[in-house]
1. Please enumerate, by chain and number, the aspartates and glutamates with C-alpha under 19 Å from the C-alpha of residue 70, excluding those fewer than 8 residues away in the same chain.
2. How far apart, in nm, are the 7 Å Cα→Cβ label points at residue 27 and residue 94?
3. Between residue 154 and residue 20, what length comes free when the chain is fully extended (0.36 nm per residue of separation minus the Cα-Cα distance, one decimal in nm)?
4. With Cβ to Cβ distances under 14 Å as the rule, what net charge do the other residues near residue 153 carry (K, R +1; D, E -1)?
5. Enumerate the aspartates and glutamates that residue 131 could reach by cross-link, defined here as Cα to Cα under 18 Å, with residues fewer than 8 away along the same chain left out.
6. In the structure displayed, which of 2/163; 2/97; 163/183; 35/163 lie more than 20 Å apart, Cα to Cα?
7. Which FRET efficiency, nearest 0.05, do residue 130 and residue 169 yield, Cβ-Cβ r, R0 41 Å?
8. So for the pair residue 114, residue 11, with labels modelled 7 Å out along Cα→Cβ, what separation do we get in nm?
Amino acid sequence: MKTQFYTATSIDGYIADDENALDWLFQFELIESMKDNYDHFISQVGAAAMGSTTYEWIIEQENMVEHPEKWPYTFPVWVFSSRTQPIINGADITFVKGGVEPIYSDMMQAADGKNIWLIGGGGLGAQFHNKGLLDEIILNVVPVILGSGAQLFSGEISSPPLKLVDAEKHGDVFMMLRYEVQK
């Protein structure tokens, strides 16, 4: 069981532009090998966490309040937010305020031996890292430079440094990098 921060990033380390949009990412067609990687990754996930900005973006993109059947996750998801959030009927979502450490044991129990996925924001990833709960960072690096936007990770991991355990090229667009968080 691992806690994994899995996301796409621009070369200069942003996961969304200044408008919290992902048009820069969606301009690329799906590469078959990436679909296979994502399907394999998601099959090993038993629970997930996301911050409020990620949750709000997902809801807005798919109008999920009116179309809850579009909720993409079949496993329990914890949404960390200090704001009241809209509820998606039928989705297994728990809204929490505060730190990640008190909730982590519930997430591990729900994951039932599978991995925990940190979806989206680097602020949440940093919180898990700061409590010693982050095991792996998986980055899909996209060949664009945004210059500003939502940072990949809000915090520092420098000592010990991350350990590169895998690098895969996908087409002429994506490079998937898998890093182990050394503790």
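1. 39, 56, 60, 62, 92
2. 4.1
3. Values: separation 134, 0.36 × 134 = 48.24 nm, distance 1.56 nm.
Between residue 154 and residue 20, full extension yields 46.7 nm more.
4. On the way: positive: none; negative: 12, 136, 156.
In short, -3.
5. Hits, sequence-local ones excluded: 101, 106, 156, 180.
6. On the way: 2/163 15 Å; 2/97 23 Å; 163/183 11 Å; 35/163 25 Å.
In this structure, 2/97; 35/163 exceed 20 Å between Cα atoms.
7. Values: r = 32 Å, r/R0 = 0.78.
The pair residue 130/residue 169 has a calculated efficiency of 0.80.
8. It works out to 3.6 nm between the two label points.
Laboratory data are not the source of any read-out in this text; all were calculated from the coordinates shown. Just so it is clear, the model here is predicted, and its values are computed rather than measured. Every residue, glycine among them, receives a Cβ derived from its backbone with ideal geometry; neighbour counts consider all protein chains shown.
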